[in-house]
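Q: Quick one: structure below, then a few questions.
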Amino acid sequence: MKTKIKIHTSSSGWVRAEIDAEKNPATANKIINSLPISGSTQLWGDEIYFSIPVKMDEENAQVEVDVGDLAYWPPGTSFCIFFGKTPSSRGEQPAAASAVNVFGNVLDDPTVFQAVKNGEKITIELDQD
């Protein structure tokens, strides 16, 4: 099951994404049921993360991720958006600080998030279009 969502910051505008419950269904469903959510961005290399009101353990967790992946980081109870290299990257591929539950991906160009600054408001909601 795939659920369309929209991600908004003032720097990136609206960005289309989707949640895919196939790999991590418990994580995907908890995220979907928590929408809409908003927070204040934090940057770690080319990753945006922010705390959300979801508590989950690891579920098919991984450290190596792809550009455009959406993930949940259990230690920080955070929603993560990977759009390039992070301080943990060994090459061009993003890598999380520790294992994350990947639950979706950005459908538009994820590099638009390069314009986002620390502390910027971010909102994620279901895409009703």
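Q: When only C-alpha pairs under 8 Å and at least 6 residues apart count, what is the relative contact order of the chain, in percent?
A: Contact order relative to length: 36 percent.
Q: Hey, another quick one. Once Rh for the chain is found with the Kirkwood sum over Cα pairs, what is the Stokes-Einstein diffusion coefficient at 10 °C and 1.306 mPa s, in µm²/s?
A: The estimated diffusion coefficient comes to 112 µm²/s.
Q: State to the nearest 20 debye the size of the charge dipole of the chain about its Cα centre, where the only charges are +1 on K and R beta carbons and -1 on D and E beta carbons.
A: So the magnitude is around 320 debye.
Q: Okay, moving on. When the helix-only estimate is applied to the chain (DSSP H runs of n ≥ 4, each -39,500 (n - 2.57), divided by the residue count), what is the mean residue ellipticity at 222 nm, nearest 500 deg cm²/dmol?
A: One gets -2500 deg cm²/dmol as the mean residue ellipticity at 222 nm.
Q: Arrange 7, 37 by Cβ neighbour counts within 10 Å, fewest through most, would you?
A: So the residues, fewest neighbours to most, are 37, 7.
Q: Among 15, 60, 25, whose Cα sits farthest toward the positive end of the charge dipole of region 1-90 (+1 at Cβ of Lys/Arg, -1 at Cβ of Asp/Glu, about the Cα centre)?
A: My answer, from the dipole projection, is 15.
We did not get these values from a lab; they are worked out from the coordinates using the rules stated. Note that this is a predicted model, so its numbers are computed, not measured. A quick note on method: Cβ atoms are made from the backbone with ideal geometry, for glycine too, and the neighbour counts reach across all protein chains shown.
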